[in-house]
Amino acid sequence: MIETIRSLGRWGLGTFERLGRGHLFLFRTLAGVPEIFLRLSLLVHQLFSVGVLSVFLILISGLFVGMVLGLQGYNTLVDFGAEESLGVLVSLSLVRELGPVVSALLFAGRAGSALTAEIGLMKSTEQLSGMEMMAVDPIHRVIAPRFLAGLISMPLLAALFSAVGIFGGFLVGHGLLGVDDGAFWSQMQVKTDWYDDVLNGVIKSIVFGFVVTWIALFEGYDATPTSEGVGRATTRTVVHSAFAILGLDFVLTALMFGEG
Amino acid sequence: MPLIKIRDLHFYRGDRAIFEGVNIDIYRGKITAIMGPSGTGKTTLLRLIGGQLRPDRGTIEVDGQDVHKLSRSELYELRKRMGMLFQSGALLTDIPVFDNVAFPLREHTDLPESMIHDLVLMKLQAVGLRGARDLMPSELSGGMARRVALARAVTLDPMMVMYDEPFTGQDPISMGTLVNLIHKMNDAMDLTSIVVSHDVTETAEIADVIYLLSEGKVIEKGSPVQLKRSSSQWVQQFMQGLPDGPVPFHYSNVSLADDLFAQEESA
Ligand SMILES: Nc1ncnc2c1ncn2[C@@H]1O[C@H](COP(=O)(O)OP(=O)(O)OP(=O)(O)O)[C@@H](O)[C@H]1O
Ligand SMILES: [Mg+2]
């Protein structure tokens, strides 16, 4: 009994300590961000490996998600004779929810886990410590450019996801099921609001990008420097990111669309 | 006045004492060797000097500055004047050999690329790896990686270099070259060198002073000749590499018999 309470206490302390370290890490990373603008080549390099390498996955997934939305949406709408509204349904689902959320989940799996593994390995092979001894702050040199790259890539990837998804919905809706293309696009344009829908979706994806990149980088930086430790950190990145994305999505949705 | 002054150094890993009251002086322009059985904390000592670890008690002064009282930026300024060769090499694995050696120059100086090119090739020439400049670290052998790391450790022309096991994994020829190189660089570049090593013969060849560490203490210090003549059994055993004697080979532990017996009991 005592032992249970004790281990609970240890777990609690450990968790709070990690949270504290995670925040200190974030502050130091943010402090390193301005410097990157003096060395854009570092950022460009990371934009490629964090962002561009995720594009293919995002495009394919977006297309299929959109196609499924088209199918499911049509089957529901047609009962009410409202199949002309398919464009609205597809675009609102994607822009408000599925675009930011699904692309963030994919981003965590593709780019986030890669970031954790990369940083964790750099730590376990003493590259980070070596940099420190060469008077180069690894947080500024290694972490900050990756953080900024994640922050920039996420909203762009989410936008791509939504765009391709809408196209997928159109392909199925118009090409396969014969929904009128004029109605599809015009209803969509009328009913999708720039501020309420698009901008809120973008805000969501910026928040997700921030959180996922932060989690991924911190897990790598804080990993136990062994192959097992890095493996566990990579798993944690994906799991914690998924929780964070879905939890935050609820909070953000409640804040944004709560009254409407 | 010594370049590095270590006083009453205490350092613990959990409950385990790594150092308990160590005093070391490292003089300018000299090669000081730190020797001791595996796991005594030689690497730990270098990390304490470099300010990556904090002592639990005692002070470490480098060039008159207390390393652990410096602000972050002061510490980084000091580190620019310290070269360190990591036991593992610690090369950056995503860039080739040339860029690894150029890394400190590109980070800390505004030298034009043509000059960096020349400087890097000179350093690589010195360690015999000019031809390997385009290889990636993953394409190097362990010994080669350590030589690249050595070249990198001296690119900024530091005032001191800490070598953690520079000789391990070297064939007899590159070993001889390295011993010479460390010696020559120390004289030509006016360096102060700290060499951590197990290779008694090679180290004794170039070291001006040797410190023997064991179980958290300095067991003996002196010139190689003095140590070889030392009357202490411990020193004799270590310097001659004899298997029997007072130096424990095992990580501190209960006796083997007790351990075996305990298992039988629980089984
Ligand atoms: N990160 C760590 N956490 C806990 N204990 C550690 C850690 N690093 C080293 N130690 C312990 O500190 C002691 C000293 O380690 P260190 O690496 O300094 O030894 P060393 O003298 O360099 O050995 P070697 O000659 O084998 O390189 C070891 O006994 C090790 O168990
Ligand atoms: Mg060591």
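The values are calculated or read from the model by the stated rules, or taken from the named source; none is laboratory data. Every value quoted in this text rests on a predicted model; they were computed, and no experiment measured them. Cβ atoms come from the backbone with ideal geometry, glycine included; neighbour counts cover every protein chain shown. Accessible surface is based on the protein model in full, side chains and every heavy atom, while ligands, DNA and RNA are left aside. Shrake-Rupley method; radii C 1.70, N 1.55, O 1.52, S 1.80 Å.
Side notes on the structure shown:
- Residue match in the stretch B:163-176 (condition: within 16 Å of ligand 1 (Cβ to nearest atom), in contact (Cβ under 8 Å) with a residue 60 or more places away in the chain and among the hydrophobic types (A, V, I, L, M, F, W, C)): no
- Any hit, the stretch A:223-238, residues being under 16 Å from A:Ser103 (Cβ atoms) and open to solvent by less than 70 Å² (accessible area, probe 1.4 Å): yes
- Every residue from the stretch B:76-91 that is open to solvent by less than 40 Å² (accessible area, probe 1.4 Å), out of contact with any Pro (no Cβ under 7 Å at 6 or more places or on another chain) and away from ligand 2 (no atom under 16 Å from the Cβ): B:Tyr76, B:Leu78, B:Arg79
- Residue that is nearest to ligand 1 (Cβ to nearest atom) [pool: residues in the stretch B:106-130 that are open to solvent by less than 10 Å² (accessible area, probe 1.4 Å) and over 22 Å from the mean Cα position of the chain (by Cα)]: B:Val120
- Looking only at residues in the stretch B:144-169 that are within 16 Å of ligand 2 (Cβ to nearest atom) and part of a loop (DSSP other than H, G, I, E, B), the one that is farthest from B:Thr44 (Cα to Cα) is B:Gly169.
- Selection of the stretch A:131-156 for residues being in contact (Cβ under 8 Å) with a residue 60 or more places away in the chain and open to solvent by 30 Å² or more (accessible area, probe 1.4 Å) yields A:His140, A:Arg141, A:Leu151, A:Ile152, A:Leu156.
- Considering each residue of the stretch B:3-20 in turn, none proves to be away from ligand 1 (no atom under 11 Å from the Cβ) and aromatic (Phe, Trp, Tyr).
- Matching residues, the stretch A:178-222, being of a type in the set (Gly, Ala, Ser), surrounded by fewer than 20 Cβ atoms within 10 Å (Cβ to Cβ) and part of a helix (DSSP H, G or I): A:Gly182, A:Ala183, A:Ser186
- If you go through the stretch A:36-58 and keep only what is open to solvent by 60 Å² or more (accessible area, probe 1.4 Å) and among the hydrophobic types (A, V, I, L, M, F, W, C), you end up with A:Phe37, A:Leu38, A:Leu40, A:Val44, A:Phe48, A:Val52, A:Leu53, A:Phe56, A:Leu57.
- For the stretch B:175-197, filtering for residues that are open to solvent by less than 10 Å² (accessible area, probe 1.4 Å) and polar (S, T, N, Q) leaves 4.
- Listed by position, the helices (runs of 4 or more DSSP H) enclosed by the stretch B:37-138 that each have at least 3 residues that are more than 14 Å from chain A (Cβ to nearest Cβ) are B:113-126.
- Count of the stretch A:167-211 residues which are within 30 Å of A:Thr237 (Cβ to Cβ) and among the polar types (S, T, N, Q): 2
- Residue list for the stretch B:19-36, restricted to those being of a type outside the set (Ser, Thr, Tyr) and assigned to a strand (DSSP E or B): B:Phe19, B:Glu20, B:Gly21, B:Val22, B:Asn23, B:Ile24, B:Asp25, B:Ile26, B:Ile31, B:Ala33, B:Ile34, B:Met35
- Looking only at residues of the stretch A:106-146 that are among the acidic types (Asp, Glu) and touching a Phe, Trp or Tyr at 6+ places or on another chain (Cβ under 9 Å), we find that the one that is nearest to the other protein chains (Cβ to nearest Cβ) is A:Glu126.
- Counted residues, the stretch A:239-260 - those being within 30 Å of A:Glu132 (Cβ to Cβ) and open to solvent by 70 Å² or more (accessible area, probe 1.4 Å): 1
- Matching residues in the stretch B:4-54 - criterion: being aromatic (Phe, Trp, Tyr) and within 16 Å of ligand 2 (Cβ to nearest atom): B:Phe11, B:Phe19
- Pick from the stretch B:30-49, criterion closer than 16 Å to B:Leu85 by Cβ and open to solvent by 10 Å² or more (accessible area, probe 1.4 Å), ranking: farthest from ligand 1 (Cβ to nearest atom): B:Arg47
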